[in-house]
Amino acid sequence: MVIGTPNHTQAGNSKTTPAFTEKHAAKYLNRGFKALMAQDFKDAGACANLVLKYMPKLDQAHFLVGLIALDTSDWTNARKAFLNVVEITDDHAAAWAQLARVHIMSGGYNQAEEALKKAVKFGSDDPLVADVIGTAYTLMGDQTEALTWFDRACEDTDNPMFVMNRAKCLTFLGAFAEAREALERVLALQPQNTQAHWSLSRLEKAPDDKHVQEMQTLLKRFKPNSPPTTYLNYGLGKEYEDLEMWPEAFQAYAQGAKARRAHITYDEAAEIETFTALQGVFTKEWLEAQGEGCLDAAPIFIIGQPRTGTTLVERIITARDDIHSAGELQQFGLAVKRLAGAQGSGMISAETVRAAAEIDPGKLGGIFMESTRSLRSDLPHFVDKLPVNYLYAPLIAAALPNAKIIHVTRDPMDSCFASYKQLFAEAYFHSYDQGEMARHHLRYRRLMDHYRGLLGDRMIEVAYEDVVGDMEGEARRLVTYLGLDWQAASLDFHTQKSAVTTASATQVREKAHSRSVGRWRQFETELTEMHEILIEN
């Protein structure tokens, strides 16, 4: 984040600066907030900095700094700024709510919980504050409480952003009819809200091409490869696929992937270096030399590639009365980076891998258990279902020797195509190009081959095809591995009422089926590049 002092021209000052008054502060804060809305972070920061130069105890100036830092993912400055606000004004509900968000994004869930309590305590009738509190609860994994706050935010206003957040929460909770009503309300207010169109396309199977025609008409209003076209093309691809219009579906997915790829950065060379380091560093000799880890037997990790059935496996085992679903947690990776001295977010680097080999396993396991304390229930076990934790499998085994690790696999082409046609948030940047997706998958498979030999029966592998083909047999095998007694509830996983926040939110509300097995063959001609890379290596 760049925050500088505005020069005389920027701030509109004369050569002889008059006394800086509350009127001046209001003027520059107003300008700063407008600049922030326009994504002009330099001018917004300059205005905030100018006000703080003369009025260092003005809470709204610190609040503006915090919002700028949030929008630029500068969690350190965001945390400092919002802490300054609540130090000056303890009952600033909005700052407490934003501070909770910052703690969550930084992996500090226990601190986030405390900040949220303050936000709720001082929460006003301000819909914006209610929406931020709802967002924080969503990030904490408490979708039921989040919905309460989104409902409150939408009580006296039709702000499309608040209604959109409510629709997402309803989708996570499986309230699809209500989610549809909310999304239709968003589109009544903002017919060009492309994210709402995309979300609507994912709720259920398209019965006809009515919505397809609406999205096609809207698509013509945007420049090719612009962010709005990403949402529309992925929505079109999904509905064309529902209607078994295979060529049109693939064309839409390809256009959506192309648009998304144009706006992200993926460093394949760095990924190659990281995977090479992982295989070279984590060896049997390394594992045998590790000291005692944290002996807590509560964690169950479900790992693998996205869109391979990880959510399905999670729902099968969390249908029981003794395993809690904690969602996709970032804590283990964050703990590794913290102890290894890594900076920044995103995938670990080769340098971090080498540093991680020297981490004390007991300390790593202890930090993970402490940082997840507020996300776990009182049940004996909890599931961390972050697929990318596969990178850390040896570290998990060393840090938490009594934890269970379930690796979910799927046919390579089905796996790669399922990711290619999915619009993710800020993850899996390799998935928007056929070649990049296939090469990443090969690296992942080689790494897991290495880990399989390293971990042996510490890790169980479950194939998606086997689960949908013989769910009871695979469920019983999983329960045996977990060392638990059989509970028939696992067979009724689809009746669970708990929230699902992954791309599988709609699929796991129905019984297991094999319709997705071999799905890629409907697009065999279009997926030649992906297929050739996978079969030749």
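The values are calculated or read from the model by the stated rules, or taken from the named source; none is laboratory data. This is a predicted model, so every value here is computed, not measured. Cβ placement follows ideal geometry from the backbone for every residue including glycine, while neighbour counts extend to all protein chains displayed.
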Pairs please, first residue from the stretch 279-297 and more than 18 Å from I405 (Cβ to Cβ), second anywhere and assigned to a loop (DSSP other than H, G, I, E, B) and aliphatic (A, V, I, L, M), Cβ atoms under 9 Å, 6+ apart in sequence or on different chains. V281/A357
Suppose we filter the stretch 395-405 for residues that are part of a loop (DSSP other than H, G, I, E, B), out of contact with any strand residue (DSSP E or B) (no Cβ under 8 Å at 6 or more places or on another chain) and buried (at least 19 other Cβ atoms within 10 Å of the Cβ); how many remain? 0
Breaking point among (1) over 23 Å from A326 (Cα atoms); (2) in contact (Cβ under 8 Å) with a residue 24 or more places away in the chain; (3) surrounded by fewer than 18 Cβ atoms within 10 Å (Cβ to Cβ), for G123: (3)
Has the stretch 269-288 got any residue that is under 30 Å from S371 (Cα atoms), surrounded by fewer than 18 Cβ atoms within 10 Å (Cβ to Cβ) and among the aromatic types (F, W, Y)? yes
Tell me, yes or no, whether the stretch 71-84 has at least one residue that is in contact (Cβ under 8 Å) with a residue 40 or more places away in the chain and surrounded by fewer than 17 Cβ atoms within 10 Å (Cβ to Cβ). yes
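Per-residue answers, yes or no, for (1) in a helix (DSSP H, G or I); (2) under 22 Å from the mean Cα position of the chain (by Cα); (3) of a type in the set (A, V, I, L, M, F, W, C):
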position: R443; (1), (2), (3): yes, no, no
position: M448; (1), (2), (3): yes, no, yes
position: G453; (1), (2), (3): yes, no, no
position: E461; (1), (2), (3): no, no, no
position: V468; (1), (2), (3): yes, no, yes
Long-range neighbours under 7 Å by Cβ, at least six apart or interchain, first residue in contact (Cβ under 8 Å) with a residue 60 or more places away in the chain within the stretch 127-154, second of a type in the set (V, I, T) and assigned to a helix (DSSP H, G or I): M140/I104
Within the stretch 482-499, is there a residue that is at pLDDT 95 or above, closer than 30 Å to P401 by Cβ and in a helix (DSSP H, G or I)? yes
Would you confirm whether any residue within the stretch 351-362 is part of a loop (DSSP other than H, G, I, E, B), more than 30 Å from F493 (Cα to Cα) and touching a residue at least 60 places away in the same chain (Cβ under 8 Å)? yes
Among the residues of the stretch 132-156, write down those that are in a helix (DSSP H, G or I), farther than 21 Å from L329 by Cα and not polar (S, T, N, Q). W149, F150, D151, R152, A153
Given (1) within 19 Å of N30 (Cβ to Cβ); (2) of a type in the set (V, I, T); (3) more than 28 Å from the chain's Cα centre (by Cα), number of the condition I88 does not satisfy: (1)
In the stretch 453-485, which residues are free of Cβ contacts under 8 Å to residues at least 12 places away in the same chain and either surrounded by 13 or more Cβ atoms within 10 Å (Cβ to Cβ) or touching a Phe, Trp or Tyr at 6+ places or on another chain (Cβ under 8 Å) (or both)? D466, D470, R476
Tell me, which residue of the stretch 406-447 that is crowded, with 19+ Cβ neighbours inside 10 Å and among the aliphatic types (A, V, I, L, M) is farthest from K284 (Cα to Cα)? L423
Only residues in the stretch 175-194 that are free of Cβ contacts under 8 Å to residues at least 12 places away in the same chain and surrounded by fewer than 17 Cβ atoms within 10 Å (Cβ to Cβ) count as the first member; pair them with residues that are in a helix (DSSP H, G or I) and of a type in the set (G, A, S), Cβ under 9 angstrom, at least 6 apart or cross-chain, and list the lot. E178/A167; E181/A167
In this structure, does L454 turn out to be in contact with a Pro (Cβ under 8 Å, 6 or more places away or on another chain) and under 21 Å from L391 (Cα atoms)? yes
Looking for something in contact (Cβ under 8 Å) with a residue 24 or more places away in the chain, in contact with a strand residue (DSSP E or B) (Cβ under 7 Å, 6 or more places away or on another chain), closer than 27 Å to M140 by Cβ and not in a loop (DSSP other than H, G, I, E, B) - is there at least one such residue anywhere in the stretch 366-382? yes
Can you list the helices (runs of 4 or more DSSP H) found entirely within the stretch 157-226 that contain at least 3 residues being closer than 21 Å to F424 by Cα and in contact with an Asp or Glu (Cβ under 8 Å, 6 or more places away or on another chain)? 160-172, 194-203
Return the pairs, sorted by first residue and then second, in which the second residue is at pLDDT 95 or above and in a loop (DSSP other than H, G, I, E, B), the first residue lies in the stretch 513-529 and is on the phi < 0 side of the Ramachandran plot, the beta carbons are less than 7 Å apart, and the residues are 6+ apart or on different chains. W520/L527
Looking only at residues that are at pLDDT 95 or above and under 13 Å from E436 (Cβ atoms) in the stretch 252-265, which one is surrounded by the fewest Cβ atoms within 10 Å (Cβ to Cβ)? K258
Are any of the residues in the stretch 326-337 in contact with a Leu (Cβ under 7 Å, 6 or more places away or on another chain), acidic (D, E) and at pLDDT below 95? yes
Result of the Cβ filter at 7 Å on the stretch 224-251, keeping first residues that are closer than 17 Å to Q522 by Cβ and at pLDDT 95 or above and partners that are part of a helix (DSSP H, G or I) and of a type in the set (D, E, K, R), at least 6 apart or interchain, is K238/R202; Y240/E248; A249/E241
So the helices (runs of 4 or more DSSP H) completely within the stretch 233-344 holding 1 or more residues that are under 30 Å from V479 (Cβ atoms) and of a type in the set (D, E, K, R) are 284-288, 310-318
Does H211 count as within 26 Å of the chain's Cα centre (by Cα) and without any contact (Cβ under 8 Å) to a residue 60 or more places away in the chain? no
With (1) under 24 Å from E87 (Cβ atoms); (2) assigned to a helix (DSSP H, G or I); (3) within 19 Å of the chain's Cα centre (by Cα) as the list, and A115 as the residue in question, which single condition is left unmet? (3)
Which is part of a helix (DSSP H, G or I), surrounded by 19 or more Cβ atoms within 10 Å (Cβ to Cβ) and at pLDDT below 95, of I104, I68? I104
